Amino acid sequence: MQIRLISARPWEVEADVLAVPITSDEPSDESLAELDRRLGGALGSYRQVGELAGKPWTSALVWGAEMGADWLLGMGVGKAEAFDRVIALRLSA
């Protein structure tokens, strides 16, 4: 298994599984909106039913349609202002 921390458009990343941080705040990021569109609205649907609401240490696995990655792992990270490199490293462990 290889774990890499990258900063790129999520839909362009070639990987078996791509982990993406999901905050508990209302999604306002354009990249996340585009990612949700490419996934057929799956992220928004999961959020609506409370399955992927951004609560820390929760996650959901989604098939990566129209993406470079086969699967997307949405990982709850809590509030956006509290998310930092230390939390990113803990989640990747």
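The values are calculated or read from the model by the stated rules, or taken from the named source; none is laboratory data. Keep in mind that what you see is a predicted model, and the values were worked out from it rather than measured. With ideal geometry, Cβ positions are generated from the backbone for all residues, glycine too; neighbour counts draw on all protein chains shown.
Side notes on the structure shown:
- Verdict on Ile22 being of a type in the set (A, V, I, L, M), within 16 Å of Gly76 (Cβ to Cβ) and touching a residue at least 40 places away in the same chain (Cβ under 8 Å): yes
- Which numbered condition Trp63 fails, given (1) touching an Asp or Glu at 6+ places or on another chain (Cβ under 7 Å); (2) among the hydrophobic types (A, V, I, L, M, F, W, C); (3) under 15 Å from Asp36 (Cβ atoms): (1)
- Considering region 36-56, the residues that are without any contact (Cβ under 8 Å) to a residue 24 or more places away in the chain and hydrophobic (A, V, I, L, M, F, W, C) include one that is nearest to Glu14 (Cα to Cα), namely Ala42.
- Any hit, region 26-40, residues being closer than 20 Å to Met1 by Cα, out of contact with any helix residue (DSSP H, G or I) (no Cβ under 7 Å at 6 or more places or on another chain) and not acidic (Asp, Glu): no
- Taken over region 1-20, the residue count meeting the criterion of being surrounded by 17 or more Cβ atoms within 10 Å (Cβ to Cβ) and either over 16 Å from Asp70 (Cβ atoms) or in contact with an Asp or Glu (Cβ under 8 Å, 6 or more places away or on another chain) (or both) is 2.
- Condition check for Gly44: within 9 Å of the chain's Cα centre (by Cα) and either outside any strand (DSSP E or B) or over 17 Å from Ile3 (Cβ atoms) (or both): no
- No other residue among Ser28, Ser59 is out of contact with any Lys or Arg (no Cβ under 7 Å at 6 or more places or on another chain), modelled with pLDDT of 90 or more and of a type in the set (S, T, N, Q) apart from Ser59.
- Selection status of Leu73, surrounded by 11 or more Cβ atoms within 10 Å (Cβ to Cβ) and not aromatic (Phe, Trp, Tyr): yes
- Selection of region 10-20 for residues being under 16 Å from Glu34 (Cβ atoms) and either aliphatic (A, V, I, L, M) or over 12 Å from the mean Cα position of the chain (by Cα) (or both) yields Glu12, Val13, Leu18, Val20.
- If you go through region 21-40 and pick out every residue that is surrounded by 13 or more Cβ atoms within 10 Å (Cβ to Cβ), in a loop (DSSP other than H, G, I, E, B) and of a type outside the set (D, E, K, R), you end up with 4.
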